[in-house]
Amino acid sequence: VLAICASNGRDEEAEAYFQQMKNEGLSANEFHYSSLLNAYAEKGKYEQAEKLVDEMKSSGVVPNKVVLNSLMKVYVKSGYFGKAKKVLAELNNSGHISNEVPYCTVMHGLAKAGKIEEAEKVFNEMKAKGIKSDGYSYSVMISSYSKNGNFEKVKKLAKEMESIQVNYDLAMMNTLLKAYSRVGDMECVIQTLKKMDKLKISPNWITFSTLISYFCEEKLYDLALHTLEDMQIKGHQPT
RNA sequence: AAACCGCUUA
């Protein structure tokens, strides 16, 4: 049954099996709960998810961090940020937070909803807790700020990010590049590119198209063309 | 064993 739930995982089938289990008086373990909860999370059925968590608590199953994490995801998805933050606090108190991921989930949700100040609060809280930040959180914040047009914040965060040791990767670089191009800071764009080169991070087509459109905006058509050629050399198709 | 994050109107 375990295997069936997991591999069918995503759908109503899992729910059906779960019901069947209960009807037969079998006790569900946390594995069952989490896979089912995930199915709910996927569909944004937050009431169901909430009920499930209550149920599992009352039946003595301890919600592990995966479960709580999934629950948070549902809340964020449905716009219940207050509840999401409560779950987050719960995670905190029980010392279940091993990384920044849960914070990022909330932050991202807040940022997407345009509640950037809230997101920043979460962000600061995270830092205050001394949770190691490997750059994902910065990515989230930077891109939200650049979307919001808050360029000072973008720069500040970017600097801050550079001052700590972060694991740069492609998505990060793309985030930075996009943010810089929105700010229109050519210097930083170039610097970022150099850094990419140094770190042997190879650009993908998103990188290229970000660059090209930025260059075009800056009327640097030669550069844009050059970038385009580069792109083809690396085997990317221009679209 | 399972879930989760950032470039996605790029």
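At a glance:
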{"item": "Compactness relative to 2.2 N^0.38 Å, alpha carbon Rg of region A:180-239", "result": "1.06"}
{"item": "Sites A:M21 and A:K112, calculated FRET efficiency, Cβ-Cβ separation with R0 25 Å, nearest 0.05", "result": "0.10"}
{"item": "Extension reserve of the A:E90-A:K159 stretch, reckoned as 0.36 nm per residue once the Cα distance is removed", "result": "21.7 nm"}
{"item": "Kirkwood-based Rg to Rh ratio, region A:124-239, C-alpha trace", "result": "1.00"}
{"item": "Over 34 Å [Cα-Cα, chain A], rounded percent", "result": "33"}
{"item": "Contour excess over end-to-end distance, with Cα ends at A:I4 and A:H226 and 0.36 nm allotted per residue", "result": "74.6 nm"}
{"item": "Hydrodynamic radius of region A:59-144 per Kirkwood, over alpha carbon pairs, in Å", "result": "12.8"}
{"item": "Relative contact order computed over chain A (Cα-Cα under 8 Å; 6+ residues apart), in percent", "result": "10"}
{"item": "Cut-off 12 Å between beta-carbons: net charge of the residues surrounding A:C188, Lys and Arg +1, Asp and Glu -1", "result": "+3"}
{"item": "Dimensionless Rg/Rh of region A:130-186 - Kirkwood Rh, Rg from C-alpha atoms", "result": "0.94"}
{"item": "Charge dipole magnitude, Cβ of K and R +1, D and E -1 - chain A, Cα centre, debye nearest 20", "result": "500"}
{"item": "19 Å Cα-Cα threshold exceeded, pairs from A:K22/A:K57; A:K73/A:K112; A:K121/A:K153; A:K155/A:K234; A:K147/A:K195; A:K147/A:K200", "result": "A:K155/A:K234; A:K147/A:K195; A:K147/A:K200"}
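None of the figures in this text is laboratory data; all of them are computed from the coordinates on show. Since this is a predicted model, take the numbers as computed values, not measurements. Please note: Cβ atoms are built from the backbone with ideal geometry, for glycine as well, and neighbour counts cover all protein chains shown.
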